[in-house]
1. Determine, from the Cβ-Cβ distance of residue 190 and residue 96 and an R0 of 41 Å, the FRET efficiency 1/(1 + (r/R0)^6), rounded to the nearest 0.05.
2. First obtain the Kirkwood hydrodynamic radius of segment 92-136 from its Cα pairs, then insert it into the Stokes-Einstein equation at 4 °C and 1.567 mPa s, and state the resulting D in µm² per second as a whole number.
3. Mind checking the full-extension length gain between residue 222 and residue 114? Use 0.36 nm per residue of separation minus the Cα-Cα distance, one decimal, nm.
4. Regarding segment 103-189, what whole-number volume in Å³ per residue does the convex hull of its Cα atoms give?
5. Report the Cα centroid-to-centroid distance between segment 205-255 and segment 263-313 in angstrom, as an integer.
6. Show me 124-131, 95-102 ranked by packing, highest mean number of other Cβ atoms within 10 Å first.
7. Classify segment 202-312 from the C-alpha gyration tensor, please: rounded if a/c falls under 1.5, else prolate or oblate depending on whether a/b exceeds b/c.
8. What nm distance separates the two modelled labels at residue 123 and residue 276, each placed 7 Å from Cα along Cα→Cβ?
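Values in this text are rule-based calculations from the coordinates and carry no lab data. Fair warning: this is a prediction, and the values are worked out from it, not measured in the lab. Quick reminder, even Gly has a Cβ in these numbers, built from the backbone with ideal geometry, and neighbours come from all protein chains shown.
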Amino acid sequence: MGQGLWRVARNQQLQHQGYSGQGYLTREHGRRIATNNVSNTSHRKQAQGGIDIYHLLKTRKSKEQEGFINLEMLPPELSFTILSYLNATDLCLASCVWQDLANDELLWQGLCKSTWGHCSIYNKNPPLGFSFRKLYMQLDEGSLTFNANPDEGVNYFMSKGILDDSPKEIAKFIFCTRTLNWKKLRIYLDERRDVLDDLVTLHNFRNQFLPNALREFFRHIHAPEERGEYLETLITKFSHRFCACNPDLMRELGLSPDAVYVLCYSLILLSIDLTSPHVKNKMSKREFIRNTRRAAQNISEDFVGHLYDNIYLIGHVAA
């Protein structure tokens, strides 16, 4: 009896203070929500350096609803600067919206000269109805034709008046263009040795270390995959050109084109030896110096050692 009265009195006291089961859960739930809100707000402010990410996203969304900036409302210099970062495809798409701006001749002239650095037509008076946008399409078409058949590609350029029928002009075009397939280009140069001669003379190897100059040469004129007459021709032409660009160095080191030829061949063989996974016993620096000085006795040991270090650290000269 006494315990029952005590429970009734205790329950009435808890209800009076608001700590009944339902009231307690309601208050606890509200407390947790408030705590989470404060925690989340604090976390957002810490993550954004005091900026509420909700307001940031809301502002960004309102700006996106305003649409793209109309380039025609900007100063022309700024509009052209923005469009100059586009490639040909994007510029054509932009012309659907801003026709006068995206079809500007200066923009298409920049695209032509950035991709094909030299064309004979650049130095001529433009014919009637000429446009750099049309020229870009012709250059692109001619490059695709060259990559399928080099002779047909060159004939296409000549038929459109883009290139003159001159080995020197063809060599300049090849030297300043990076869209031509190197395998097709190698076949074309093997057949057109007159173009190859002019192409070699366009390289300037002045004050370059021999392995680095050889790498630059083979980046423009790719070496064949196998040894043969064409590779020997390339190394011979490179040796003469390297000596012509560095006459003082050749006199100081006592090197001739024949000695440079031997060094180039040694560098190619060393590159294969050091980079090939099939060669287990790599050539040592001492072995390379000994073998090279046997073929070219006037070369100093230190110079040959520097050649070895360059290949060992940088890699293949004809990759």
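1. About 0.35, to the nearest 0.05.
2. Stokes-Einstein gives a translational diffusion coefficient of 115 µm²/s.
3. 36.7 nm
4. Residue-normalised Cα hull volume stands at 85 Å³.
5. Here the answer is 16 Å between Cα centres.
6. Top of the packing list down: 95-102, 124-131.
7. Oblate, because a/c is 1.5 or more while a/b does not exceed b/c.
8. In this crude spin-label approximation the distance works out to 4.4 nm.
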